[in-house]
1. Scan segment 88-113 for residues that are more than 17 Å from V217 (Cα to Cα) and assigned to a strand (DSSP E or B) and report the count.
2. Among the candidates P107, P117, P90, P151, single out the residue that is buried (at least 16 other Cβ atoms within 10 Å of the Cβ), within 20 Å of R275 (Cα to Cα) and out of contact with any His (no Cβ under 6 Å at 6 or more places or on another chain).
3. Out of all the residues in segment 142-158, is one or more acidic (D, E) and under 28 Å from P117 (Cα atoms)?
4. Could you list all residues from segment 154-200 that are of a type in the set (G, A, S) and either open to solvent by 60 Å² or more (accessible area, probe 1.4 Å) or more than 23 Å from G132 (Cα to Cα) (or both)?
5. Looking for whichever is more than 21 Å from D258 (Cα to Cα) and touching a residue at least 12 places away in the same chain (Cβ under 8 Å) here; the options are L136, L159. Which one fits?
6. Please find, within segment 71-119, the residue that is nearest to L264 (Cα to Cα) out of those that are among the β-branched types (V, I, T) and modelled with pLDDT of 80 or more.
7. Pick from segment 124-133 the residues that are assigned to a strand (DSSP E or B) and free of Cβ contacts under 8 Å to residues at least 40 places away in the same chain: which of them is most open to solvent (accessible area, probe 1.4 Å)?
Amino acid sequence: MVAASVGRRTLLTNSVCYARSDYARADFRSIAQMLCLGSLQPHPNSGMVLPSPSHNRFCLLAALLTSLSIAMAPQSRGQEIGRLYATRPPPGYAFIRIATLSGGDVPRVQVNSAELPINEATGASAYRAVPGNQPLNLSVNGSAISKDVVPGAETYLTLVISKTDTAWTVQSIDEGQGSGDGLKAKLRFLNLVPGCAATLQIADGPTIFQQSAFASVQSRTINPVAAKLEGSCGKTGAPLTLPQLRAGDSYSLFLRKDSERLRLIGQLDETEPYRER
């Protein structure tokens, strides 16, 4: 009876170990099983494999390790790897994105006859690789805007579109060539408020950018920390909580004015995987 009871406890203990291990990825599962099984020792008299206090401790440690591995693994790890090994454009390409001047209905934008989706929440698109030193064929809601935009090779551009009466216009903001510090994050501040010399500062703290002209960009590297920011035009301010950035991240802040209300909107900078169009 005692042996049967011990056998049931052994089976139950191992079942708990294996059940918890199944939630981990394959490599951590193997480690957990080795910890659980490796701590089982045969009884010196009966020869039966019996659980011991040290065995139970190893099983609990294995379960803790696998649980921590799940909790600590970023949900976007696959996306990060995908971006890291995504197809890159050939040398000589430029990178452009679209930003709307104000809120409202998100327009349908095409670049070189291919649609470039705009994020409804931020009013901006991701960057897209296009041939450098060639005029862009840009249209909004089916109407051509301009063929005067010619992005230079290896440069980054934000194209700000706006509607005056019934016509769409575009303004180009040259962000220069892409560069960054792999140990820090990069912050871009784009002022999209006409007639405003904008300021960006840490809330109740020092100024980050000042006297930022309309349709311009200022950028700098920062330590990857979270912070509360405020963009302002004169005495009017708009707050934003900067998310916890990581080393190598690039983040853009767009200052806009909609219906007399100032807004500061942020977006993590991303580039579409390159494909021939």
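The values are calculated or read from the model by the stated rules, or taken from the named source; none is laboratory data. If you're wondering where the values come from, they're calculated on a predicted model, not measured in any experiment. No Cβ is skipped: glycine too gets one built from the backbone with ideal geometry, and neighbour counts run over all protein chains shown. What goes into the accessible areas is simple: the full protein's heavy atoms, side chains included, and nothing from ligands, DNA or RNA. Shrake-Rupley method; radii C 1.70, N 1.55, O 1.52, S 1.80 Å.
1. Count: 5.
2. Only one candidate passes the filter, namely P151.
3. Checking segment 142-158: at least one residue is acidic (D, E) and under 28 Å from P117 (Cα atoms).
4. If the condition is that a residue be of a type in the set (G, A, S) and either open to solvent by 60 Å² or more (accessible area, probe 1.4 Å) or more than 23 Å from G132 (Cα to Cα) (or both), then S162, A167, S172, S179, G180, G182, A185, G195, A197, A198 are the ones that fit.
5. Going through L136, L159 in turn, just one is more than 21 Å from D258 (Cα to Cα) and touching a residue at least 12 places away in the same chain (Cβ under 8 Å): L136.
6. From segment 71-119, those among the β-branched types (V, I, T) are 81, 87, 96, 98, 100, 106, 109, 111, 118; that's our starting set.
Now restrict to residues that are modelled with pLDDT of 80 or more: 96, 98, 100, 106, 109, 111, 118.
Details: I96: 21, I98: 17, T100: 13, V106: 18, V109: 23, V111: 26, I118: 17 Å.
By that ranking, first place goes to T100.
7. Checked segment 124-133; the qualifying residue most open to solvent (accessible area, probe 1.4 Å) is P131.
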